[in-house]
Amino acid sequence: MFEPLFLDSVLQEKIWGGKKLETVFGYPLTSEKTGEYWAISAHPHGVSTINNGEFKGMKLDELWKNHKELFGNAEGEVFPLLTKILDANDWLSVQVHPDDAYGKAHAGELGKTECWYILDAEPGSEIIYGHHAKTREELRNMIEAGRWDDLLTRVKVKTGDFFYVPSGTMHAIGSGILILETQQSSDTTYRVYDFDRVDDAGQARELHIEESIDVMKIPGTTEIVEEKVQQLGRSNLTTFVETEFFNVYKWEIQAPTDIETAADYSLVSIIEGRGTLEIEGQTWKIEKGNHFILPYQVNHVKVNGEFEAIVSTPGK
Ligand code: ZN
């Protein structure tokens, strides 16, 4: 099949959400606290629907099960990737995710390694990325004493930054940040600290201190991602990470550009601008806010216009 699979997806209300998914991306909100758009997802908590071509109306999880040929006959019971856009109008909880072994044993699903591309950050915005405890005992003591300023590593962020967040990493997205997240298809989060917040009904969200201490990487240092940029005429293709879980790239398109897509399949999110996508002589319009999958049969595309995209492919 030589067509992209465009997707309609699900918005999620969150205590920390806002309105930018509509004001910036044009998705019609039903809540003033919309936190996430699960742009490319086959996870049961919010499955995308194909909105064009011969598979129009089919859910992505169904397509994965019944049309493996579109994904290079990839193994695995579940579509392994999930692309989200998050609007952090307030801090997300300080949290950590399990790896695959712990996730399967305790939550019956994949672990969660994730990564973030900062779409927009208000001046002074910060994330929590790593921690200062040297031993598991010290981690426990600092959590139990609520010594958050001593424990948590804060990092300033700006638009265009990229962060790799392997399972076991202490992290939180700060307020005023709009993020595109590429992650394993998992919804297992262990909350360490939620800033003592309560919802409109006065309820605090559940914490998962024991699980958090179990899965936390010690020491809590983080790695700096080395970006590699390849110039193709006036366009740039940036490689952020290539890992066992996923590979993530950015396309910055300024002119007609031929791109090879050697992966079994590619997830593409247009984050800025507009243009066209040409496959085997057929052309589609693409613009900011569109998300699509290039199936296995598509080995190269011609793109034109002025746009930016975040692209992910499955890891090896
Ligand atoms: Zn997370």
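The values are calculated or read from the model by the stated rules, or taken from the named source; none is laboratory data. As the structure is a computational prediction, the values presented were derived from the model and not from experiment. Cβ atoms come from the backbone with ideal geometry, glycine included; neighbour counts cover every protein chain shown. Just the protein is used for accessible areas: all its heavy atoms, side chains included, with ligands, DNA and RNA removed. Shrake-Rupley method; radii C 1.70, N 1.55, O 1.52, S 1.80 Å.
List the equivalent ellipsoid semi-axes of segment 5-215 in whole Å, largest first, each obtained as the square root of 5λ for an eigenvalue λ of the Cα gyration tensor. Equivalent ellipsoid semi-axes, largest first: 30, 21, 15 Å. Rolling a 1.4 Å probe across the protein heavy atoms gives segment 228-314 an accessible surface of 45 Å² per residue. Mind running the shape call on segment 51-158? Use the C-alpha gyration tensor, a ≥ b ≥ c as the square roots of the eigenvalues: rounded below 1.5 for a/c, prolate if a/b tops b/c, oblate otherwise. Oblate. Where both bridge residues fall in segment 228-314, DSSP classifies roughly 100% of the beta bridges as antiparallel.
Extension gain, Ile209 to Lys285: 0.36 nm times the residue separation minus the Cα-Cα distance gives 22.6 nm. Could you tell me the center-to-center distance, by alpha carbons, between segment 254-271 and segment 85-102 in angstrom? Here the answer is 28 Å between Cα centres. Exposed loop sites here are GluC sites (Glu not before Pro) assigned a DSSP state other than H, G, I, E or B and surrounded by at most 15 other beta carbons within 10 Å; excluding them, the longest clear run of the chain is 78-205.
As a fraction of the 1.4 Å probe accessible area of the chain, surface on carbon and sulfur atoms comes out at 45 percent. Of all DSSP beta bridges in segment 246-292, what percent run antiparallel (nearest 5)? Counting DSSP beta bridges with both partners in segment 246-292, the antiparallel share is about 100 percent. Less than 5 angstrom separates the built amide H of Asn290 from those of Ile270, all sequence-distant by 5 or more or on a different chain.
The GNM of the chain, with springs linking C-alpha atoms under 10 angstrom apart, assigns the highest mean-square fluctuation among Asp199, Asp214, Asp120 to Asp199. Taking 0.36 nm per residue of sequence separation and removing the Cα-Cα distance, the Glu137/Thr159 pair yields an extension gain of 4.3 nm.
For segment 3-70, the solvent-accessible area with a 1.4 angstrom probe is 45 square angstrom per residue. Residue by residue, segment 111-123 carries 3J(HN,Hα) couplings of x, 9, 9, 9, 8, 10, 10, 7, 6, 6, 9, 5, x Hz when phi is fed to the Karplus relation 6.51 cos²θ - 1.76 cosθ + 1.60 (θ = phi - 60°); x denotes Gly or Pro.
Between Glu62 and His106, what FRET efficiency comes out of the Förster formula 1/(1 + (r/R0)^6) with R0 = 35 Å and r the beta carbon distance, rounded to 0.05?
0.80
Multiplying the residue separation of Glu54 and Glu278 by 0.36 nm and subtracting their alpha-carbon distance yields 78.9 nm. Distance between the C-alpha centres of segment 117-160 and segment 1-60: 29 Å, rounded to the whole angstrom.
Helix-only arithmetic for the chain: the sum of -39500 (n - 2.57) across DSSP H runs with n ≥ 4, divided by the residue total, places the mean residue ellipticity at 222 nm at -3000 deg cm²/dmol. Whole-Hz Karplus values for segment 64-71 come out as 4, 6, 9, 9, 4, 4, 6, 10 Hz, taken residue by residue from phi with 6.51 cos²θ - 1.76 cosθ + 1.60 and θ = phi - 60°; glycine and proline positions read x. Backbone geometry of segment 301-312 corresponds, through the Karplus equation with coefficients 6.51, -1.76 and 1.60 at θ = phi - 60°, to 3J(HN,Hα) couplings of 10, 10, 10, 8, x, 10, 7, 10, 9, 9, 10, 10 Hz, x marking Gly and Pro.
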